[in-house]
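Enquirer: Can you read through this structure? Questions will come right after.
The values are calculated or read from the model by the stated rules, or taken from the named source; none is laboratory data. Nothing here was measured: the structure is a model prediction, and the numbers come from that model. No Cβ is skipped: glycine too gets one built from the backbone with ideal geometry, and neighbour counts run over all protein chains shown. These area figures cover heavy atoms from the full protein model, side chains too; ligands, DNA and RNA do not enter into them. Shrake-Rupley method; radii C 1.70, N 1.55, O 1.52, S 1.80 Å.
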Amino acid sequence: MIRLGLLRHGHTAWNRAGRVQGRTDIPLDPEARAGLAALCLPAPWDSADLVSSPLSRAVETARLVAGRAPAQQDALMEMNWGHWEGQEAARLRADPDADHRDIESWGWDYTPPGGESPRDLRARLEPWAAALPRDTVAVCHIGVMRVVLALATGWAFEGPAPFQIKRNRLYVVEIGETGWRLMPETVRLEARVR
């Protein structure tokens, strides 16, 4: 049994402005940097393998909370939001021609224009996770986390998700021969001892 701890990257200016980031490489904002520098991974996660998406916001989050560089994994790249990247989500939702939907009504196959579906993301995440050799912390993106947590809970992107993704905590998924299972409790990052 392997445990995978998922951590969402810190805030960026685009997060705070409600803009769709996707694969656009937007860095952490100064407030996020300062907040993450005051936190660290708790034991035993501090000695687990450390990987991240290659996008700078995930790489920097990993370095700040772990005190070491992560191995970068293309499988953890955020979902491609296509033509919606850089746009404000609220404006897209208000535009009847955009067909922008809340994630709860996507299903596995809904695809943003020019982007990728949750099923596409799943196709690159499943083999990566199945090959993990030991317990691992993965610093990544909300789209990646939604897909992994959907696989671990049976949620199919239809109706309310049985989880809420918050920052500064690990969502632990057990990966075994009989499937994936989301552990009921999240693991909070700890205050760094100075």
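Enquirer: On a full-extension model of 0.36 nm per residue, what is the gain between Ala69 and Ala94, subtracting their alpha-carbon distance, rounded to one decimal in nm? Don't jump to the answer; show the numbers that get you there.
Expert: Numbers: separation 25, 0.36 × 25 = 9.00 nm, distance 4.06 nm.
That pair, Ala69 and Ala94, stretches by 4.9 nm at full extension.
Enquirer: Local charge sum around Pro118 (other residues, Cβ-Cβ under 9 Å, Lys/Arg +1, Asp/Glu -1)? Spell out each step's value before the answer.
Expert: Numbers: positive: Arg119, Arg122, Arg146; negative: Asp109, Glu116, Asp120.
Within the 9 Å Cβ shell, the charges total 0.
Enquirer: So for Thr178, Thr136, Thr24, what's the accessible-area order with a 1.4 Å probe, most first?
Expert: On the way: Thr178 145, Thr136 0, Thr24 45 Å².
These residues rank, largest area first, as Thr178, Thr24, Thr136.
Enquirer: What ranking, highest mean first, results for peptides 98-108, 63-73 when packing means the other Cβ atoms within 10 Å averaged over each residue?
Expert: Values: 98-108: 13.2, 63-73: 16.6.
Packing order, densest peptide first, comes out as 63-73, 98-108.
Enquirer: Over the chain, give the accessible area per residue in Å² for a 1.4 Å probe, as an integer.
Expert: Numbers: 9190 Å² over 194 residues.
So the chain comes to 47 Å² accessible per residue, rounded to a whole number.
Enquirer: Once you've got the GNM for the chain with C-alpha springs shorter than 10 Å, pick whichever of Met77, Met145, Met183 has the biggest mean-square fluctuation.
Expert: Top of the fluctuation ranking is Met183.
Enquirer: Let me ask something else about it. How much length is gained on full extension from Asp25 to Arg192, taking 0.36 nm per residue of separation minus their Cα-Cα distance?
Expert: Details: separation 167, 0.36 × 167 = 60.12 nm, distance 2.73 nm.
Fully extending the segment from Asp25 to Arg192 adds 57.4 nm.
Enquirer: Once you have a ≥ b ≥ c as the square roots of the Cα gyration tensor eigenvalues for the chain, tell me rounded if a/c is under 1.5, and otherwise prolate or oblate according to whether a/b is larger than b/c.
Expert: The shape class here is oblate.
Enquirer: Which one, Trp106, Leu151, Thr186, projects farthest toward the positive side of the charge dipole computed for region 82-194 from Cβ point charges (K/R +1, D/E -1)?
Expert: It is Thr186, whose Cα lies furthest towards the positive end.
Enquirer: Same structure, new question: Phe163 to Arg122: FRET efficiency via 1/(1 + (r/R0)^6), r the Cβ-Cβ distance, R0 22 Å, to the nearest 0.05?
Expert: That gives a FRET efficiency of 0.85.
Enquirer: Determine how many Å³ per residue the convex hull of the Cα atoms of region 129-194 encloses.
Expert: Expressed per residue, the convex hull around the Cα atoms of region 129-194 is 109 Å³.
Enquirer: What part of the accessible area of the chain, given as a whole %, is carbon or sulfur when the probe is 1.4 angstrom? List each step's numbers first, then the result.
Expert: Numbers: 4460 of 9190 Å².
Here it works out to 49 percent.
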